[in-house]
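Have a look at the structure below before the remarks.
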Amino acid sequence: MPDLAWMAWTWQTALFFAGIASLLLLMTLLAIYRPETERVGVLRIPTTRGDRLFISLLGAAFIHLAWLGFVGTDLWWASGLSLVYAAAVFRYV
Amino acid sequence: MTKTLNNKAWLFVLPVFGIVAFSAILPLMTVVNYSVQDTFGNNQFFWNGVGWFQDLLDPSTQLGERFFDALWRTLLFSAIILMIEVPLGIAVALAMPREGWGVAFCLVLMALPLLIPWNVVGTIWQVFARSDIGLLGWAVNRLGIDYNYTGDPLDAWVTIIIMDVWHWTSLVALLCYAGLKSIPDAYFQAARIDGASRWAVFRTIQLPKMRRVLLIAVLLRFMDSFMIYTEPFVLTGGGPGNATTFLSIDLVKLALGQFDLGKAAAMSLVYNLIIIAICWVFYTIMTNADAQRGRVQE
């Protein structure tokens, strides 16, 4: 095993990327076992599950930044809000 | 003909995945990793949580002030560039000949600025615009206009904008020209029979037919101008003062000049997010407009 200490990885970053990777894996499995067709939601654009995940993740990033900029450092609220946002995106977009 | 699905094909894509992971995904992950840490050199890192992001988003801090100043500058630059290059590119494309020897001549002439490397463009304009030995700078000063791009922020901005217009308008023009060439003659014949004016032909035939290429042009020009680095770096170095320090220049100063990897990583992530969001909006509008038109035509 090569020594990767110089890359200064932290467990928090690892957890973050593990989360993203497992989401992508889940989407791949879903695409294989539960194929889907595009649908048109409130944005009036055809979206797939992958599109909705992308919109959710991008939105979540901005929600966290906005929370940090306007409210404070307690980001659990921002994460909660992001989950609500993601649920809304998957339901209505 | 039916296509056969063979999942073994994925194996052939694996090397590309490997290269992309090594050259793009891992470096991006490293940036995320640095953004939550601080370093004092010697490759020692300390956990800083969301501290850099907090500073970055607060204009009252030094980092935040610098970030927002550079961000507005970059957005203003992109807006000006698009407002000039898109109409000018369309006008040039409309004026280009449709057939004859002039076509090849114009295409080569248009392609020339695009072939010049960014740093060479910067150097050309740096010399060209100098008031002592540059033709442009000297001529403008002789006309009685006090012009000095190294000392006056407005002059520096004007020079960078003219340089970018010189460098990239032909890209918009070439894209529009390709769009115009693809319009069948029947449309123009029909317009002539109806007695349509030049403006009506442009508004109802040429512009709608150019829509797709125009959106590509806007997207390309926006991304390029929002990420512009080399030309202003060579021309003004971000000066005078910080007048032309765009986000990319500021980022390099922060990351490589000061070696503040944590701050620079946080800044580049926010920069990246803004670009992804804007590109997604552009792309969605572009593909959606096409799809809608397709539905209407069906």
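Since every read-out is calculated from the coordinates, none of them should be taken as a lab result. Nothing here was measured: the structure is a model prediction, and the numbers come from that model. Virtual Cβ from ideal backbone geometry, glycine too; neighbours counted across all protein chains shown.
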Choice from B:233, B:105, B:128 showing the highest fluctuation, given a GNM over chain B with Cα pairs closer than 10 Å: B:105
Distance histogram in 10 Å bins (all Cα pairs of chain B, percent per bin): 5, 20, 25, 24, 17, 7, 2, 0
C-alpha center-to-center spacing [the stretch B:158-204, the stretch B:271-286] in angstrom: 26
Cut-off under 5 Å, modelled amide H: who pairs with residue B:37 long-range: B:48
Descending semi-axes in whole angstrom, ellipsoid equivalent of the stretch B:85-155, from the Cα gyration tensor: 31, 15, 12
Relative contact order (%) - the stretch A:5-92, alpha-carbon pairs under 8 angstrom, separation at least six: 23
Least to most buried among B:149, B:271 (fewest other Cβ within 10 Å first): B:271, B:149
Amide hydrogen neighbours beyond the local backbone of residue B:238, cut-off 5 Å, H modeled: none
Sorted by Cβ density within 10 Å, fewest first, the residues A:67, A:9, B:10: B:10, A:9, A:67
Residue exposure sequence - A:33, B:34, A:85, B:283 - by fewest surrounding Cβ within 10 Å: A:33, B:283, A:85, B:34
Computed E for residue B:183/residue A:48 - FRET, C-beta separation, R0 25 angstrom, nearest 0.05: 0.15
Among B:72, B:199, B:168, residue whose mean-square fluctuation peaks in a GNM of chain B (springs only between Cα atoms under 10 Å): B:199
Stokes-Einstein diffusion coefficient of the stretch A:5-92, Kirkwood radius over Cα pairs, 25 °C, 0.890 mPa s, in µm²/s: 166
Square roots of 5 times each gyration tensor eigenvalue, C-alpha, the stretch B:1-76, largest first, Å: 41, 20, 10
For chain B: relative contact order, % (alpha-carbon pairs under 8 angstrom, 6 or more apart): 26
GNM top mover of B:242, B:272, B:288 - chain B, alpha-carbon springs below 10 Å: B:288
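Quick one: divide the alpha-carbon radius of gyration of the protein assembly as shown by 2.2 N^0.38 Å and tell me what you get.
1.18
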Whole-angstrom gap from the stretch A:20-69 to the stretch B:120-150, using each part's C-alpha centre: 51
Rg over Rh [alpha-carbon atoms, Kirkwood Rh] for the stretch B:179-298: 1.20
Phi-based couplings in Hz for the stretch A:72-79 (Karplus 6.51, -1.76, 1.60; Gly and Pro marked x): x, 8, 7, 7, 4, 5, 5, 5
Proximal lysines to residue B:181, defined as alpha-carbon separation beneath 27 angstrom and excluding residues fewer than eight positions away on the same chain: B:209
